[in-house]
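Engineer: Handing you a structure now.
The values are calculated or read from the model by the stated rules, or taken from the named source; none is laboratory data. Note that the structure is predicted; figures quoted are calculated from it, not measured. Every residue, glycine as well, gets a Cβ built from its backbone with ideal geometry; the counts of neighbours run over all protein chains shown.
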Amino acid sequence: MSSNKEDGGWKKFVWNSEKGEFCGRTGGSWFKILGFYLIFYSFLAGLFVGTIQCLLLTLSDYKPTWQDRVAPPGLSHTPRSDKSELAFNLNDLETYLPYTKAMRDFLSMYDEDKQRDQMKYEDCGDEPTEYKYRGDLNSDVGVRKACRFQRSLLGPCSGIEDREFGFKEGKPCLIVKLNRIVNFVPRPPSSNDSIPEAAQYKVRPNVIPIFCTNRREEDAGKIGEVKYYGIGEGFPLQYYPYYSKVLHPQYLQPLVAIQFVNVTMNTELRIECKVFGENIGYSEKDKFQGRFELKLQVTNL
Amino acid sequence: MGYGRSDSYRVATTTEKDEKESPKKADTKAEKKIKDMDDLKKEVPLTEHKMSVEEVCQKYSTDIVQGLTNAKAAEYLARDGPNALTPPPTTPEWVKFCRQLFGGFSILLWTGAILCFLAYAIQAATEDEPAGDNLYLGIVLSAVVIITGCFSYFQEAKSSKIMESFKNMVPQQALVIREGEKMQINAEEVVAGDLVEVKGGDRIPADLRIVSSHGCKVDNSSLTGESEPQTRSPDCTHDNPLETRNVAFFSTNCVEGTARGIVVCTGDRTVMGRIATLTSGLESGKTPIAKEIEHFIHLITGVAVFLGITFFILAVCLGYTWLEAVIFLIGIIVANVPEGLLATVTVCLTLTAKRMARKNCLVKNLEAVETLGSTSTICSDKTGTLTQNRMTVAHMWFDNQIHEADTTEDQSGASFDKSSETWLALARVAALCNRAQFKAAQDQLPILKRDVAGDASESALLKCIELSCGSVKQMREKNKKVAEIPFNSTNKYQLSVHETENEEDNRYLLVMKGAPERILDRCSTILIQGKEQPMDEEMKDAFQNAYMELGGLGERVLGFCHLLMPEDQYPKGFAFDCDDVNFTTENLCFVGLMSMIDPPRAAVPDAVGKCRSAGIKVIMVTGDHPITAKAIAKGVGIISEGNETVEDIASRLNIPVSQVNPRDAKACVIHGTDLKDLSQEQMDDILRNHTEIVFARTSPQQKLIIVEGCQRQVRHTQTDGAIVAVTGDGVNDSPALKKADIGVAMGISGSDVSKQAADMILLDDNFASIVTGVEEGRLIFDNLKKSIAYTLTSNIPEITPFLFFILVNIPLPLGTITILCIDLGTDMVPAISLAYEAAESDIMKRQPRNPTRDKLVNERLISIAYGQIGMIQALGGFFSYFVILAENGFLPSLLVGIRLNWDDRSNNDLEDSYGQQWTYEQRKIVEYTCHTAFFVSIVVVQWADVIICKTRRNSVFQQGMRNKILIFGLFEETALAAFLSYTPGMDVALRMYPLKPSWWFCAFPYSFLIFVYDEIRKLILRRNPGGWVEKETYY
């Protein structure tokens, strides 16, 4: 494709024995041009590394320069759903094993024995309280302590007693977390205006409430009771703010477990879970910002 | 009229020698062509001119008085078809359109588009939610090709529309006599055997054998190029049908008089028809720029395929699936296609074509714009192109002295002493013995611009006298004509008798002009300083010398004499009988000589000089006489001062021509008849060893042979031939025009057939316009290089993101849409603006480019654009990319290998370097912001690129920033980039996001580096000519 000269020309081009040329150049010529490019590219590489170093110098170790794209925070859940679908047959272990495994893996971070070190962890209480500030980001306090979060707070969804997180009984659990953002403090809703009536019972002080309901009208009533486990059945404020990976290496974000205890079987249900707060926003495009949607189908046949 | 020399004219379409020559034409050209040419020659045995009128009548079963019967005419019409030239097989419009759509560069884009659709099809078949990118890209690529195709198609259609306006669409009428009745019929219905009557102003409807004539003259210029009207009479004067007087040719014009003739050939069988058929049978090769583009495509595809395959192998090694690797392969190949380049090149060529049209060069075919620039030989016609196509009095001889007349177009030349009485006498003879007159209602026009009824020599005299002595009309009114003997070829003089101006003087004045030697024979005295003196031997010698000298200048010389007739012999009221001459025509008083020439155009010598300094060989090819041709060639500098022909050397050294070493003569004048006897080797030898060549008395075939000979001329022992331009106006030139790399026809005097065959038309018929064409052609070639270098450079920052995406699994730094925004958006105006760039040095002082060595796009250009500048640009882009990701939390070290998680839709808590968690959508927005920033960075580095591309050798500081379009382009691309980034809704439409102001500056250092790097490179290039830097980087 590159050259449709006749074959002889090709061969001669690749190796011209008369002039001692390989691909149209003599050895010396190749040496010179390759040498030039070697030096030129080394120089460019050096320059590039230099500018990247300059860039790194301008960055803070604790906080990214811009956070306008990461906030407001996303609401993510474990197990992850492929294309927002969570479908399983409670009689078939294979169908929900990936989910329960993901949950066990995730929750292993919250194992009690990992939170024993008193130098790194402290108790922040089982009831929602105020924000727990640990000094300015840039102060020389160094590494900050993290609040403990016991798995047991998640009740039946903690995986301690029920290793299958209710999947076996057709009462699946979901573990929900508000995405970490450095130095971000979520503010609870100040008024009830922005919250749907059904969710208003969840509003209480020092908690970012979370509420799940049917997405579609026709699914109304099919979802059944939804149980919430966790401190204040939401995200308690004492776990905020987060002091970045460097300053807060042991940080455990608060979790909420959601259990669908009376879900209609063999139907695809559209569920939407939403957190409410002053500085929590939603986006038409981003289906995981402050909320998420889930297609849940539990089969018992 | 042919005083002073024979007016026979050979159009050697037909001589027997041509026929002998054709087997010798050991050309490897297709047999068909030789057959065509043979065919053309066979046809000419037109024998009717040798037959008697009766024989002709018999042959066509017609009658000399009654004409054909209507029935017979209808029969012939049915047999021969209409009397019209078969139009050249016009390519249907859709074929032309498809040629634009699929020709040259478009192929590359189509291939790209097809690959895109293929990739999309693969993705659609294997993935549930295929990314639309490949589909969009394919659609955009197709759209680009179709739009540019339409654009060039309409551009071409516009030129051909101008062409059509040249055509005389009025249906021709012919006056035929059938069954004894005169009838006006459509010229198309004329059949062989028809008795046709033509009069002054008519177009000859078919090839006619003249049977009777009354002062009929025809203008054969469209056939032979010679504009001098020729007499037609019933007698056969030459064996060659083209030279005999008793044949008038189809589509030539009858200038004056009337004639009656029998149609012998109609339509395509006419001489004109044969030439037209030959012309349309010739194939013209690819234009140089088309070859260049082909070469360019080879290079680009070479690079693309090399990269694609390399990365295909790498991708497979890295553990991608085969399918993914194939999609990568296609992606890389497509990314190498410069989407905007086709449009850029088309627009650049169009702009130049427009500029040339303003300077009177109309380009029919866009690609031909550049051809003149690479031309190394111009074969120019003489009449009308180099000369004014207007006989003008150049010299006079009276009072035993040669006086020079002003021949310039604007009368700025030297004048002569007009006070001599001899001059007044000469002027009177010239004015009175002259049948030419100005056409009516032209008093406002300058004398030289006025139209004259009459033949060229007489018009020249008329204008000359009108200019120097005032109104000729008044002079004629004062000297009433009482008798006249018009010119005929046996007397070779013209005579008239007038009353004198002086009322009291009852004598008659006899004035005569004609061939000088005939006039001299009739003279016994000569007028010197107003006094009659006997004509002695000394005077006769002086006359001979003057005659020889003027004749040697290639001028047509006329002698003038007069006589005041003695009153006693010719009293007032004497009945002069012109048929049976009853008055003296001997013992006259010789007044002087006047010589005329078709003088060179004022701008031509300068233009020829420019061509010569531009390394272009100018060859004159004319049907005219060698002496005239040589004189004009010397006048315009085609034979430069001090250069001699073999004959000149021989006469200077007084030795026979055969003893002169032909190598000593730089110039040569070759006669058409000699040309026939030359073998191809001899022809090549002449073309190679003489720098200044004039071909005289050439026929259409010979013009063709000359053009082919020139095209064979190899320079620097390379394989490719020279690029030859041919100018011409007559039908006889059209085969050569077609064969030439670029045929240049004349807009005013040119025949339709020649315009059809040509690639370019000089609207003002002026050779000097060709120089403009050469200059523009060379400039556009240089500027196209720059434009392509500019456009190609941004290919590297466009493709490297994809490569790194594959190789090190980073989030994609630059998306397809943004690439298209660069190629078809921001890069366009600056790339086009480079077409407006002024030349770096005097382009008319260097040699024509060598088509084998000086390529439009060569390895050095690729090396610079891809290997050096492009790499710096890519770094600039990547730097912005890393800045944005780092400032948002993703440090460079984290990015490597993050791709799988990054592009995982279900992963909505991806951790960055600070421990923050990102949803898919959030990080995609950052990614698209990176695309935008990368895009903006490319714009920023392209600022520097367009500035460095302004020059190939000079510093920008030498070149200056005077290109306003380029400055506009800089602002335009910046504004467009800002618009794309900040306009609300762009996030949805093009996935472009607003940038923080500081991100605009990321690429600035790289932009600056590009500028400095290239300035240093060019500095070394200038300081060290021929050095390594030049060899490796001068494109």
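Engineer: Among the residues of the stretch B:662-685, write down those that are modelled with pLDDT of 80 or more and either crowded, with 18+ Cβ neighbours inside 10 Å or not in a helix (DSSP H, G or I) (or both).
Structural biologist: B:A665, B:K666, B:A667, B:C668, B:V669, B:I670, B:H671, B:G672, B:L675, B:L678, B:S679, B:M683
Engineer: Kindly indicate whether A:T58 is of a type outside the set (A, V, I, L, M), within 9 Å of chain B (Cβ to nearest Cβ) and touching a helix residue (DSSP H, G or I) at 6+ places or on another chain (Cβ under 6 Å). Walk me through it before giving the result.
Structural biologist: Numbers: of a type outside the set (A, V, I, L, M): yes; within 9 Å of chain B (Cβ to nearest Cβ): yes; touching a helix residue (DSSP H, G or I) at 6+ places or on another chain (Cβ under 6 Å): no.
For A:T58, the condition - of a type outside the set (A, V, I, L, M), within 9 Å of chain B (Cβ to nearest Cβ) and touching a helix residue (DSSP H, G or I) at 6+ places or on another chain (Cβ under 6 Å) - is not met.
Engineer: What number of residues in the stretch B:822-878 are within 24 Å of B:V941 (Cα to Cα) and among the basic types (K, R)?
Structural biologist: Count: 1.
Here is a yes/no grid of residues against (1) without any contact (Cβ under 8 Å) to a residue 40 or more places away in the chain; (2) within 12 Å of chain B (Cβ to nearest Cβ); (3) buried (at least 20 other Cβ atoms within 10 Å of the Cβ):
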residue	(1), (2), (3)
A:G74	no, yes, yes
A:E85	no, yes, no
A:N91	no, no, no
A:Y96	no, no, yes
A:A102	yes, yes, no
A:Q118	yes, no, no
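Engineer: (1) surrounded by fewer than 20 Cβ atoms within 10 Å (Cβ to Cβ); (2) more than 17 Å from the chain's Cα centre (by Cα); (3) at pLDDT below 90; (4) not in a helix (DSSP H, G or I): which one isn't true of B:R849, the others all being true?
Structural biologist: The number of the failed condition is (1).
Engineer: Right, another one. Among the listed residues B:A865, B:A886, B:A874, which satisfies the condition of being facing chain A (nearest Cβ under 7 Å) and either among the basic types (K, R) or outside any loop (DSSP other than H, G, I, E, B) (or both)? Full working, then the answer.
Structural biologist: Numbers: B:A865 fails: facing chain A (nearest Cβ under 7 Å); B:A874 fails: facing chain A (nearest Cβ under 7 Å).
The conditions single out B:A886.
Engineer: Kindly indicate whether A:S190 is closer than 21 Å to A:K287 by Cβ and of a type in the set (S, T, N, Q). Break it down into steps so the answer makes sense when it comes.
Structural biologist: Details: closer than 21 Å to A:K287 by Cβ: no; of a type in the set (S, T, N, Q): yes.
Judged against the criteria, A:S190 is not a match.
Engineer: Taking the stretch A:256-301 as the region of interest, how many residues are away from chain B (no Cβ under 12 Å) and assigned to a strand (DSSP E or B)? I'd like the intermediate steps shown before the answer.
Structural biologist: From the stretch A:256-301, those away from chain B (no Cβ under 12 Å) are A:256-280, A:295-301; that's our starting set.
Among the residues that remain, those that are also assigned to a strand (DSSP E or B) are: A:256-260, A:268-275, A:295-299.
Adding up the residues that qualify gives 18.
Engineer: So, in the stretch B:994-1007, how many residues would count as being within 9 Å of another protein chain (Cβ to nearest Cβ) and either in contact with an Asp or Glu (Cβ under 8 Å, 6 or more places away or on another chain) or of a type outside the set (A, V, I, L, M, F, W, C) (or both)? Outline the logic, then answer.
Structural biologist: So in the stretch B:994-1007, the residues within 9 Å of another protein chain (Cβ to nearest Cβ) come out as B:996, B:1002, B:1005-1006.
Checking the rest, the ones that are also either in contact with an Asp or Glu (Cβ under 8 Å, 6 or more places away or on another chain) or of a type outside the set (A, V, I, L, M, F, W, C) (or both) come to B:996, B:1005-1006.
Residues flagged as within 9 Å of another protein chain (Cβ to nearest Cβ) and either in contact with an Asp or Glu (Cβ under 8 Å, 6 or more places away or on another chain) or of a type outside the set (A, V, I, L, M, F, W, C) (or both) within the stretch B:994-1007 amount to 3.
Engineer: Sticking with this structure for a sec: From the set of residues in the stretch A:61-72 that are facing another protein chain (nearest Cβ under 8 Å) and either touching a Phe, Trp or Tyr at 6+ places or on another chain (Cβ under 6 Å) or touching a residue at least 40 places away in the same chain (Cβ under 8 Å) (or both), which is surrounded by the most Cβ atoms within 10 Å (Cβ to Cβ)?
Structural biologist: Step one: list which residues in the stretch A:61-72 are facing another protein chain (nearest Cβ under 8 Å), which gives A:62-67, A:69-70.
Keeping just the survivors that are either touching a Phe, Trp or Tyr at 6+ places or on another chain (Cβ under 6 Å) or touching a residue at least 40 places away in the same chain (Cβ under 8 Å) (or both) gives A:62-64, A:67, A:70.
Numbers: A:Y62: 17, A:K63: 19, A:P64: 24, A:Q67: 17, A:V70: 26.
Step by step, filter the stretch A:61-72, then rank; the result is A:V70.
Engineer: So which of B:Y493, B:Y547 ends up being closer than 21 Å to B:I627 by Cβ, touching a residue at least 24 places away in the same chain (Cβ under 8 Å) and touching a helix residue (DSSP H, G or I) at 6+ places or on another chain (Cβ under 9 Å)? Write out each step before concluding.
Structural biologist: Working: B:Y493 fails: closer than 21 Å to B:I627 by Cβ.
None of the other options fit; the residue is B:Y547.
Engineer: Any idea how many residues of the stretch B:721-762 are farther than 13 Å from B:V369 by Cα and either more than 10 Å from the chain's Cα centre (by Cα) or among the acidic types (D, E) (or both)?
Structural biologist: Residues that pass the stated criteria total 24.
Engineer: Next question, about the same structure. Counting residues that are among the β-branched types (V, I, T) and either under 39 Å from the mean Cα position of the chain (by Cα) or over 30 Å from B:V744 (Cβ atoms) (or both), which helices (runs of 4 or more DSSP H) fully inside the stretch B:515-623 reach at least 2? Steps first, please.
Structural biologist: On the way: elements: B:516-521, B:537-552, B:604-613.
Here the list reads B:604-613.
Engineer: Of the residues B:T691, B:T727, B:T698, only one is β-branched (V, I, T) and over 16 Å from B:I616 (Cα atoms); which?
Structural biologist: Details: B:T691 fails: over 16 Å from B:I616 (Cα atoms); B:T727 fails: over 16 Å from B:I616 (Cα atoms).
None of the others qualify; the one that does is B:T698.
Engineer: Take B:N908 and decide whether it is more than 60 Å from the chain's Cα centre (by Cα) and in a loop (DSSP other than H, G, I, E, B). Explain how you work it out, then say what you get.
Structural biologist: Working: more than 60 Å from the chain's Cα centre (by Cα): yes; in a loop (DSSP other than H, G, I, E, B): yes.
When the stated conditions are applied, B:N908 passes them.
Engineer: Another one. Quick one: B:N643 ticks every box in (1) closer than 26 Å to B:A722 by Cα; (2) under 27 Å from the mean Cα position of the chain (by Cα); (3) surrounded by fewer than 24 Cβ atoms within 10 Å (Cβ to Cβ) bar one, so which box is it?
Structural biologist: B:N643 satisfies every listed condition except (2).
Engineer: Being modelled with pLDDT of 80 or more, within 11 Å of another protein chain (Cβ to nearest Cβ) and under 26 Å from B:G308 (Cα atoms) is the filter; apply it to the stretch A:1-33 and report the residue that is farthest from the chain's Cα centre (by Cα).
Structural biologist: A:R25
Results for (1) farther than 25 Å from B:S863 by Cα; (2) of a type in the set (S, T, N, Q); (3) not in a helix (DSSP H, G or I), shown as yes or no for each residue.
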{"site": "B:W943", "(1), (2), (3)": "no, no, no"}
{"site": "B:T951", "(1), (2), (3)": "no, yes, yes"}
{"site": "B:M961", "(1), (2), (3)": "yes, no, yes"}
{"site": "B:F971", "(1), (2), (3)": "yes, no, no"}
{"site": "B:T974", "(1), (2), (3)": "yes, yes, no"}
{"site": "B:D987", "(1), (2), (3)": "yes, no, no"}
{"site": "B:Y1006", "(1), (2), (3)": "no, no, no"}
{"site": "B:I1016", "(1), (2), (3)": "no, no, no"}
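Engineer: Just to be sure, is B:N502 farther than 23 Å from B:D399 by Cα and either crowded, with 19+ Cβ neighbours inside 10 Å or not basic (K, R) (or both)? Spell out the reasoning first.
Structural biologist: On the way: farther than 23 Å from B:D399 by Cα: yes; either crowded, with 19+ Cβ neighbours inside 10 Å or not basic (K, R) (or both): yes.
So B:N502 passes the test.
Engineer: Checking the structure you have, find out if any residue of the stretch A:120-128 is buried (at least 18 other Cβ atoms within 10 Å of the Cβ), at pLDDT 90 or above, away from chain B (no Cβ under 14 Å) and touching an Asp or Glu at 6+ places or on another chain (Cβ under 7 Å).
Structural biologist: no
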